[in-house]
Ligand code: PHE
């Protein structure tokens, strides 16, 4: 059987895993959710959840992967009787997330080009249009959106075709330090703008967002808990097999516990740093602009760069390039979840790993979903789920959150339901079927100590699954407007 090649160094593994975690979720999700959900209070709740759930699930996933040396599907098939199928849930989540992630990645590439155009006064710049109109035009220009989306899919595909060491590790080992460096440059500029302090107050001061009318009313505790929990799972790439897959390529000598801790800490630091780059600039230069989601990234931030004059376009290029890097390092881990499984199977049958063939097939399949999301243009083109399913607005004129556009639909199904469910079932599998010892042993290989063993064992059996249930219920409540916790 052909050898299964893994990461060359622990640094390479860390860069790839942090790269998977650091993505669009850190940049437009975390800073806004933190501001709208209680500032510093949210941060504390996020950190507690990151320790009690994020770290525990991270150790569990990495351990399952490394123990079996297989991707998500194979790992559960080898280890578990009851949860044999759980890896497939991961593959499905990866595929759905890829669909909208690649479309957004494509928009990010477009914005790098746009700012180059602005810098040189070329026709492919803003061309005198306001940022809202530029983004609106992109959404309704289906051909352009599809082309950019597919360019993003192609880049992802080419890196994954290069394999773990030759593609993913190489890209992330260079890309992630660059991303960090660019982020620091943007933070320095953003935080020294006059009026930047309001952005910091929005992010950190509890209650500021309500007092200053940025949001209408403070969310309930359960809402905050589920917002923080949902954000954490998505941001750490948990509950869908990405970390099982990366763990399966990690050398047995390496310390799993330490690596898991580093990934969780770095992801949180970069989310906070992204907030320092985005929020002060938004409050200083475009205080009325959208404050979260794609509109924050593509309308507000572009407005910010426009108001800064020529140098703004240089910052624009740096900023959107860093977002492209963050998005690619995440999308390659999503595609790898799918590819790793089929490669494992081919290798088992003695056919070599056929990585290139499977990468192309998986890339094409996710490309199709990406095309759908691009054609929909965040609901601008009349083909959203509610158009197709004929869903009627309620008495207040609102549609269920998941039906607005295909992006929201895919996001709700994957991030809102499948990821927390996947993580919950993984905890039950480790805590109650395999027993925590399976993970303890894996963490203690080659003389490594598992310092948080007792903490892990208690959490994985009781605390994490219970919290996961709350998070899942809160997410369902929010997305479907069930009103359980309001
Ligand atoms: N963690 C990524 C982000 O924050 C998203 C992601 C989820 C990537 C799941 C891989 C797997 O944007």
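For segment 10-480, the Kirkwood estimate of the hydrodynamic radius, built from every pair of different alpha carbons, is 22.4 Å. For the chain, the longest principal axis of the Cα atoms and the long axis of helix 256-285 meet at an angle of about 0 degrees. So what is the diffusion coefficient of segment 373-415 in µm² per second by Stokes-Einstein at 25 °C and 0.890 mPa s, using a Kirkwood Rh over Cα pairs? Estimated via Stokes-Einstein, D reaches 236 µm²/s.
Centre-to-centre, using Cα atoms only, segment 118-157 and segment 44-114 are separated by 30 Å. Residue ranges 289-295, 323-329, 241-247 sort as 241-247, 323-329, 289-295 when ordered by packing (mean number of other C-beta atoms within 10 Å per residue, highest first). Three semi-axes describe the equivalent ellipsoid of segment 188-325; taken as square roots of 5 times the Cα gyration tensor eigenvalues and ordered largest first, they are 31, 21, 13 Å. The modelled label-to-label distance between residue 440 and residue 398, using points 7 Å beyond Cα along the C-beta direction, is 4.7 nm. Packing, taken as the mean count of other beta carbons within 10 Å per residue, orders the peptides 394-406, 337-349 from highest to lowest as 337-349, 394-406.
Relative to the longest principal axis of the Cα atoms of the chain, the long axis of helix 170-191 lies at roughly 40 degrees. Dividing the Cα radius of gyration of segment 20-106 by 2.2 N^0.38 Å, with N the residue count, gives 1.35. Take every Cα pair under 8 Å whose residues are at least 6 apart in sequence, average their separation, divide by the length of segment 10-480, and the relative contact order is 32 percent.
Could you tell me how far the Cα centroid of segment 266-343 sits from the Cα centroid of segment 446-486, in Å? Result: 28 Å between the Cα centres. Between the Cα long axis of helix 419-428 and the first principal axis of the chain there is an angle of about 20°, rounded to the nearest 10. Between residue 310 and residue 368, the FRET efficiency estimated from the beta carbon spacing at R0 = 35 angstrom works out to 0.30. Extending 7 Å from the Cα toward the beta-carbon at both residue 158 and residue 484 defines two label points whose distance is 4.6 nm.
Calculated mean residue ellipticity, 222 nm, the chain: -21000 deg cm²/dmol, from DSSP H runs (n ≥ 4) at -39500 (n - 2.57) each, averaged per residue and rounded to 500. Put simply, segment 69-211 fits an ellipsoid with semi-axes of 36, 24, 18 Å; these come from the alpha carbon gyration tensor as the roots of five times its eigenvalues, largest first.
Legend: calculated FRET efficiency, residue 469 to residue 113, from the Cβ-Cβ distance at R0 = 41 Å, rounded to 0.05, equals 0.35. In this calculation the C-beta distance from residue 222 to residue 433 is compared with R0 = 25 Å, giving a FRET efficiency of 0.30.
The order of the peptides 56-67, 450-461 by mean Cβ neighbours within 10 Å, most packed first, is 56-67, 450-461.
No value in this document is a laboratory result; all are computed from the given coordinates. Model, not experiment: these values are computed from the prediction. Cβ sites come from the backbone with ideal geometry, for glycine too, and all protein chains shown count toward neighbours.
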